[in-house]
Amino acid sequence: MLRRLAGISVVFGLVFLSVGLTGASSAPSGSLTLDQRVENQRRIEEVYWAHRLWPEFNPIPKPKLAEVLSENVLRERAKDGVLQTLALERYFERTLTTAQLRIEWERIATATRAPEMLLELYRALDNDPVAIVESLVRPALAEHLLRRAWQRQHQMQESETTTPAFDAWWTKTRPGLDTLASSRGDGDPGVSVGVDLGELPSSPLQPNAA
């Protein structure tokens, strides 16, 4: 997710977010259930798949997304943002803050050369700030911070040679976090983003004029 978002941008008005953690099994206002996260992930993947080039010389027509992405893989991807948030707190005593999420959203909004694609992603998520933050912003930021925290703990410099080691650690660690999340209810560990819709601009998404 982080790599996918690295080259995407849009300019929009500031949205003020408040972040909290709760153990409730039902989703409070501003949070997402696991099923909602899975549906959001499906919509995101559909946008990416639509933009994926299919070689003209390939004798097989481009398949539908469901033919190449299983429901199980989709579901696991949808969990990554919250599980990596849990990993940051459990193993590195780091909590994603309101300011960090807002800054990351703004970074995504200003650092890229493909605003049209991000607009498609936002539209796929119904321009819902909660869905955008939870399904696009949080996964990108959580992965980035988790990798950095792990590398610092192991006194490694960020490079391609450290990636396999981190990936091996995450593969080993993830199931325990998944079990912890599932024990709290529907698989969502309760990370919620409360948004005062009254503070949102009426049209927060505008293509970069540049």
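Pro55: assigned to a loop (DSSP other than H, G, I, E, B) and either among the acidic types (Asp, Glu) or open to solvent by less than 80 Å² (accessible area, probe 1.4 Å) (or both), yes or no? Against the criterion (assigned to a loop (DSSP other than H, G, I, E, B) and either among the acidic types (Asp, Glu) or open to solvent by less than 80 Å² (accessible area, probe 1.4 Å) (or both)), Pro55 qualifies.
Going through Val73, Val82, Val68 one at a time, which residue ends up being of a type in the set (A, V, I, L, M) and under 15 Å from Pro175 (Cβ atoms)? Steps first, answer last, please.
Details: Val73 fails: under 15 Å from Pro175 (Cβ atoms); Val68 fails: under 15 Å from Pro175 (Cβ atoms).
One residue alone meets the criteria, Val82.
Summed over segment 97-113, residues that are in a loop (DSSP other than H, G, I, E, B) and not hydroxyl-bearing (Ser, Thr, Tyr) total 2.
In the condition set (1) under 27 Å from Tyr48 (Cα atoms); (2) part of a loop (DSSP other than H, G, I, E, B); (3) open to solvent by 60 Å² or more (accessible area, probe 1.4 Å), Arg94 is compliant with all but (1). Restricting Arg43, Arg3 to residues that are under 25 Å from Leu119 (Cα atoms), open to solvent by 50 Å² or more (accessible area, probe 1.4 Å), at pLDDT below 85 and part of a helix (DSSP H, G or I) narrows the list to Arg3.
Residue-by-condition table, conditions (1) of a type outside the set (A, V, I, L, M); (2) more than 16 Å from Glu45 (Cα to Cα); (3) out of contact with any Leu (no Cβ under 9 Å at 6 or more places or on another chain):
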| residue | (1), (2), (3) |
| --- | --- |
| Val68 | no, no, yes |
| Glu93 | yes, yes, yes |
| Thr97 | yes, yes, yes |
| Glu106 | yes, yes, no |
| Leu118 | no, no, no |
| Leu125 | no, no, no |
| Val130 | no, yes, no |
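Considering (1) surrounded by fewer than 19 Cβ atoms within 10 Å (Cβ to Cβ); (2) β-branched (Val, Ile, Thr); (3) at pLDDT 80 or above, the lone condition that Val137 does not fulfil carries the number (1).
Candidates are the residues of segment 39-77 that are acidic (Asp, Glu) and free of Cβ contacts under 8 Å to residues at least 60 places away in the same chain; the one that is nearest to Glu134 (Cα to Cα) is Glu39.
In the set Ala149, Ala99, Ala111, Ala131, which member is open to solvent by less than 60 Å² (accessible area, probe 1.4 Å), modelled with pLDDT of 90 or more and not acidic (Asp, Glu)? Break it down stepwise before answering.
Numbers: Ala99 fails: modelled with pLDDT of 90 or more; Ala111 fails: modelled with pLDDT of 90 or more; Ala131 fails: modelled with pLDDT of 90 or more.
Of Ala149, Ala99, Ala111, Ala131, the one residue that is open to solvent by less than 60 Å² (accessible area, probe 1.4 Å), modelled with pLDDT of 90 or more and not acidic (Asp, Glu) is Ala149.
The values are calculated or read from the model by the stated rules, or taken from the named source; none is laboratory data. Just so it is clear, the structure is predicted and the values come from calculations on it, not from any experiment. Neighbour counts run over all protein chains shown; Cβ positions are idealised from the backbone, glycine included. Just the protein is used for accessible areas: all its heavy atoms, side chains included, with ligands, DNA and RNA removed. Shrake-Rupley method; radii C 1.70, N 1.55, O 1.52, S 1.80 Å.
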